[in-house]
1. If we keep just the residues of segment 109-129 that are modelled with pLDDT of 90 or more and surrounded by 18 or more Cβ atoms within 10 Å (Cβ to Cβ), which is farthest from residue 239 (Cα to Cα)?
2. Checking residue 302 against (1) modelled with pLDDT of 95 or more; (2) buried (at least 22 other Cβ atoms within 10 Å of the Cβ), which test does it fail?
3. Counting residues that are closer than 30 Å to residue 64 by Cα, which strands (runs of 3 or more DSSP E) fully inside segment 132-248 reach at least 3?
4. Here is a list of conditions, (1) touching a strand residue (DSSP E or B) at 6+ places or on another chain (Cβ under 7 Å); (2) surrounded by fewer than 18 Cβ atoms within 10 Å (Cβ to Cβ); (3) at pLDDT 90 or above; (4) farther than 30 Å from residue 195 by Cβ, and residue 5 meets all of them except one; can you say which number that is?
5. Would you be able to tell me the number of residues in segment 37-63 that are within 16 Å of the chain's Cα centre (by Cα) and surrounded by fewer than 20 Cβ atoms within 10 Å (Cβ to Cβ)?
6. Looking at segment 288-305 only, could you name the residues that are farther than 13 Å from residue 133 by Cα and in contact (Cβ under 8 Å) with a residue 60 or more places away in the chain?
7. Hey, could you check segment 72-87 for residues that are surrounded by fewer than 22 Cβ atoms within 10 Å (Cβ to Cβ) and touching a strand residue (DSSP E or B) at 6+ places or on another chain (Cβ under 7 Å) and say which is nearest to residue 186 (Cα to Cα)?
8. Mind checking whether some residue in segment 173-183 is surrounded by fewer than 17 Cβ atoms within 10 Å (Cβ to Cβ), on the phi < 0 side of the Ramachandran plot and without any contact (Cβ under 8 Å) to a residue 40 or more places away in the chain?
């Protein structure tokens with residue numbers, strides 16, 4: 001049933017989910033609950049309740065309705081007493097259907113006081129594989145990263161009319177990174193998909209876009225690199241991309257320095273970014289210029305490898 005038909009049961013299960021999601025031994029924060037409720041109220045997410053044998057809700061799922069490729073779940077939670085493989089498998093079967101979210105592409109790592117092992121088999125049996133992602137933060141005491149200036153390259157702030165420019169750069173920059181593409185893919189056409197993602201970042205789907213901290217580097221042939229920043233639970237560097245023709249010239253380092261410096265000047269706090277373990281090139285760059293992994297913010301997204309066209313070689317380091 002739709003979450004909208006039972007707001008009290010929806011809030012009850014989301015509260016339990018937020019409490020269970022808190023790190024062991026730490027008090028839970030209402031921020032996660034407020035985010036989930038807000039996304040439902042704003043219409044950004046669809047919500048489904050799974051009703052148990054006594055007509056009470058025992059499961060909840062929040063996520064996007066399917067695009068051309070499929071749907072994605074951000075919250076998948078079962079109440080206490082139902083967190084075992086058989087219940088989870090039945091829950092997933094209900095969600096992975098035309099009447100709910102359509103063919104599922106992505107599931108979150110579910111909170112579980114008993115650990116993840118009891119439910120891992122259910123995820124893998126349905127074709128989902130874990131993609132490890134981690135937060136990296138730039139320490140406040142460290143100077144912004146820097147690289148020698150390139151006289152052939154001009155750097156400016158990104159403006160709203162740059163959507164098409166950024167989308168085309170995104171499609172080129174991620175063409176050889178199938179795992180990161182799979183994490184956000186909504187449309188089959190790479191450029192259409194990049195347009196949707198760019199509009200989401202510059203719109204209101206990823207918090208507040210920060211144009212003063214978003215930069216584009218261009219030469220006489222066109223765009224070579226970009227960084228985008230948003231305010232989402234603190235300053236988040238949402239995109240760092242370099243055109244393949246211009247890699248290895250320090251463009252990402254220079255633009256990251258500009259973004260970090262702009263965020264600091266605006267008093268926005270410690271910036272963070274999120275990187276997948278499979279993206280070794282980006283991971284090495286961020287560590288080299290001073291970003292530090294946050295061990296408390298390491299988690300997995302579970303992607304359906306077949307539906308997203310991921311090969312075994314793509315997942316070797318995921």
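The values are calculated or read from the model by the stated rules, or taken from the named source; none is laboratory data. What you are looking at is a predicted structure, and each value in this text was computed from that prediction instead of being measured. Here the Cβ positions follow ideal geometry from the backbone for every residue, glycine too, while neighbour counts run over all protein chains shown.
1. 128
2. If we test residue 302 against (1) modelled with pLDDT of 95 or more; (2) buried (at least 22 other Cβ atoms within 10 Å of the Cβ), just (1) comes out false.
3. Ranges flagged: 222-231, 235-242.
4. That leaves (1) as the condition not met.
5. So the answer is 2.
6. Residues satisfying the conditions are 289, 290, 291, 292, 304, 305.
7. Among residues in segment 72-87 that are surrounded by fewer than 22 Cβ atoms within 10 Å (Cβ to Cβ) and touching a strand residue (DSSP E or B) at 6+ places or on another chain (Cβ under 7 Å), the one nearest to residue 186 (Cα to Cα) is 74.
8. The answer is no; no qualifying residue exists.
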